[in-house]
Amino acid sequence: MRQITKFGFLCMALVGLPRVVADERPNIVFAFADDWGRYASAYAQIEPGGPGDIVRTPNFDQIAREGLLFTQAYVNAPSCTPCRSSLLSGQFFWRTGLGAILQGAVWDDTIPSYPLMLEDTGYHIGHTYKVWSPGTPRDQPHGGRRTAYVSAGTRFNGFSQFVDRAQDKEQAKQQLLAEVRDNFRAFLDARPGGRPFCYWWGPTNCHRKWIKGSGKDHWGLDPDQLQGKLPAFLPDVAEVREDFCDYLGEVQAFDAGLGVILDELRRSGRSDNTIVVVSGDHGIPGIPRGKCNLYDLGTRVPLAIRWPGKTGQGLVVDDFVCLPDLAPTFLEAAGITPPKVMTARSLLPVLEARQSGRVDPARDHVIVGRERHVAKARRGNLPYPQRAIRTDDYLYIRNFKPDRWPMGLAPGFGLPDGPLPTYERLRENTFAALGDLDASPTKAWMLTNRSTENVESMVQLTLGLRPSEELFDIRSDPDHVHNLADDPKMVDVKQQLSERLMQTLRTTGDPRVVADGKAFDLPPYVQSSE
């Protein structure tokens with residue numbers, strides 16, 4: 001165990017030293033999928049009609065049946081590192097220093113993070129696959145390599161690639177699931193006697209790239225069943241349907257791995273005293289308006305929580321949750337008072353209420369945002385700064401630099417006229433054009449078929465310049481196609497949401513709105529050497 005900090009000693013005093021010796025605090029298992037948006041069969045059952053209709057996630061659904069399914073869960077930032085920085089610290093991403101950006105991120109080890117706080121009070125902590133990736137000269141918010149359990153391998157992260165190469169695909173799947181089991185067993189076997197544990201399982205298989213056609217070949221999913229179910233801003237063509245279907249196949253692979261974790265908890269007799277939380281770090285990659293966007297396709301994620309004996313079963317909760325709320329939740333469940341620097345709110349009162357619907361009336365919105373994803377998407381490595389507030393009825397977005405291209409530069413998108421890269425390059429190389437949108441068949445098809453009827457308008461809507469303000473009526477326009485920000489009838493609504501958003505940004509010290517608001521556009525956030 002790493003040396004306990006002064007802060008750790010304070011936490012131990014709060015919890016009580018005897019509990020570290022004979023500890024009955026709950027174990028914590030957090031299954032967190034890279035790039036997994038809100039697609040699970042549990043959601044399709046209550047909100048049919050979308051892509052989730054064809055996916056099957058029996059293990060996620062089991063957690064929902066035996067605990068709580070949250071309908072309004074969101075990330076704080078739809079980009080891997082800032083999302084995870086906010087989650088680990090229990091703070092808005094803009095309060096995490098260089099953790100607020102992707103490329104060039106460095107963790108500030110003066111910021112408390114819940115895994116290390118739990119470790120300081122006696123928890124055995126560990127992870128398999130991805131937690132917080134960028135290297136640091138010191139520790140990482142989850143313990144880094146010191147707490148990694150990957151002795152059985154990391155092939156699960158390339159699930160469809162591994163299975164596609166195998167002659168016996170079902171046998172290959174079982175090999176990857178055995179890897180999940182063996183890594184988790186290694187973590188459990190390393191636990192010092194009597195200590196509770198906190199484990200993070202973070203496979204990256206839902207991140208690009210996956211094998212074209214794997215949704216059908218590996219999982220029996222039919223892309224044609226997605227006809228009429230895609231968001232209104234996407235072309236409903238075979239290429240896009242297959243791309244989305246392949247993604248849903250990776251979701252099913254994640255769910256199969258989750259089933260192994262749950263089975264191992266049962267086998268080891270630890271299920272009854274273990275909190276299981278399952279979620280994803282933002283929406284679908286390589287699809288316009290998904291990852292790196294503040295629309296629901298980018299920020300809204302699945303969330304199910306099971307805590308036997310502490311929560312009811314089969315509850316569907318409509319309270320708004322931002323994933324940083326998990327940090328103080330885990331700490332309070334372990335008997336630790338969250339530090340005041342955490343801006344997130346514990347979910348413990350919601351979990352213990354044993355109610356469906358809106359449990360806490362104050363949980364009626366979330367605040368989300370974005371700064372920089374990839375460094376070279378725009379000239380000067382500048383970010384695309386935006387913040388938003390999402391309520392039951394509306395999504396209001398403030399784009400601070402509407403003259404910048406939201407997904408980055410390309411011919412026709414802020415670069416001089418010229419030919420776009422070929423379909424093959426757009427499909428394979430994220431940085432060939434529009435670097436904040438992952439390379440994908442969907443990206444390649446839309447850009448190389450812009451002259452096709454209706455596609456040009458979709459390209460402009462999803463990839464073109466955006467106004468300084470966007471306002472969408474969620475109930476009548478769930479795909480956020482019709483911007484009402486300039487509608488005279490919406491003046492009062494827009495003003496109220498804007499004031500509410502900006503007040504939160506100011507009181508939490510968002511560098512984008514305090515002082516001159518230029519901090520994220522300057523070093524060390526922007527470095528020409530990156």
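Taking 7 Å steps out from each Cα toward its Cβ at residue 174 and residue 98 produces label points 4.7 nm apart. With neighbour counts taken as other beta-carbon atoms within 10 Å, the residues 124, 282, 365, 482 rank, fewest first, as 482, 365, 124, 282.
Averaging Cα coordinates gives a centre for the stretch 398-412 and one for the stretch 456-501; these two points are 16 Å apart. Dipole orientation for the chain: of the candidates 286, 62, 123, 123 has the Cα lying most toward the positive pole (charges on Cβ; Lys, Arg +1; Asp, Glu -1). Placing +1 on the Cβ of every Lys and Arg and -1 on the Cβ of every Asp and Glu, with no other charges, gives the stretch 360-422 a dipole of roughly 380 debye about its Cα centre. By the beta-carbon count within 10 Å of each Cβ, the least crowded to most crowded order of 306, 370, fewest first, is 306, 370. Counting only Cβ charges, +1 for Lys and Arg and -1 for Asp and Glu, the dipole size of the chain around its Cα centre is about 1420 debye. For helix 80-89, report the angle its Cα long axis makes with the longest principal axis of the Cα atoms of the chain; keep it between 0 and 90° and round to the nearest 10°. Tilt relative to the chain: about 40 degrees. Ranked by how many other Cβ atoms sit within 10 Å of their own Cβ, fewest first, the residues 423, 525, 114 fall in the order 423, 525, 114.
Only lysines eight or more places from residue 169 in sequence, or on another chain, were considered; those with a Cα closer than 24 Å are 209, 212, 216. Under 20 Å of direct C-alpha separation, and excluding same-chain neighbours fewer than eight residues apart, residue 518 reaches these aspartates and glutamates: 371, 403, 469, 510, 530.
Charged neighbours of residue 398, selected by a Cβ distance under 15 Å, balance to +3 (K, R count +1; D, E count -1).
Every number in this text was worked out from the coordinates using simple rules, so none of it is lab data. What you see is a predicted model; the values in this text were computed from it and never measured. Note: ideal-geometry Cβ built from the backbone for every residue, glycine included; neighbour counts use all protein chains shown.
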